[in-house]
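To keep things clear, I will list the structure first and then write my remarks on it.
The values are calculated or read from the model by the stated rules, or taken from the named source; none is laboratory data. All figures in this text were calculated on a predicted structure; none of them were measured in a lab. Cβ sites come from the backbone with ideal geometry, for glycine too, and all protein chains shown count toward neighbours.
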Amino acid sequence: MPFEGEPRLEFGWRLAPDARGRGYATEATRAVLELARSTYEGEILAMIDPRNVSSQNVARKVGFRFWKQAVIDGYLDRLYRLRVPRDLAR
Ligand SMILES: CC(C)(COP(=O)(O)OP(=O)(O)OC[C@H]1O[C@@H](n2cnc3c(N)ncnc32)[C@H](O)[C@@H]1OP(=O)(O)O)[C@@H](O)C(=O)NCCC(=O)NCCS
């Protein structure tokens, strides 16, 4: 998606309600990012509603860092970014 005039790679996560609260989102996100290590080099963005605490927790646990808040398509979002491979813990 374009943001501030540049194309950006956006990453997100969503679990069925019954699967939440068990660590699966973090585990699956780590696995996907580990795959990205061998195919992609650059920045990934996560755009998260400020009220969505569990999603921000997932972002931080896998290595995203808070960048800034911005209004996107009329909604306030907290933007997190991660650089592959630099920010991926082994
Ligand atoms: C955002 C979303 C994916 C987060 O899912 P989640 O299950 O809370 O995230 P995790 O996989 O990291 O699970 C962490 C929770 O599991 C608990 N947990 C239980 N067993 C665990 C284990 N073995 N390992 C790790 N965590 C475990 C943790 O205590 C933690 O809960 P806490 O953060 O309240 O302390 C989920 O809420 C969702 O699908 N929401 C709707 C869609 C959405 O908002 N997507 C994001 C849009 S930006």
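Details
- Selection from region 1-28 of residues that are without any contact (Cβ under 8 Å) to a residue 24 or more places away in the chain, aliphatic (A, V, I, L, M) and within 16 Å of Asn52 (Cα to Cα): Leu15, Ala16
- Any hit, region 39-55, residues being more than 21 Å from Met1 (Cα to Cα) and in contact (Cβ under 8 Å) with a residue 12 or more places away in the chain: yes
- Within region 51-83, the set of residues being among the aliphatic types (A, V, I, L, M) and modelled with pLDDT under 95 comprises just one member, Ile72.
- Lone qualifier among Ala70, Ala25, Ala59 - being surrounded by fewer than 18 Cβ atoms within 10 Å (Cβ to Cβ) and either of a type in the set (A, V, I, L, M, F, W, C) or in contact with a strand residue (DSSP E or B) (Cβ under 7 Å, 6 or more places away or on another chain) (or both): Ala70
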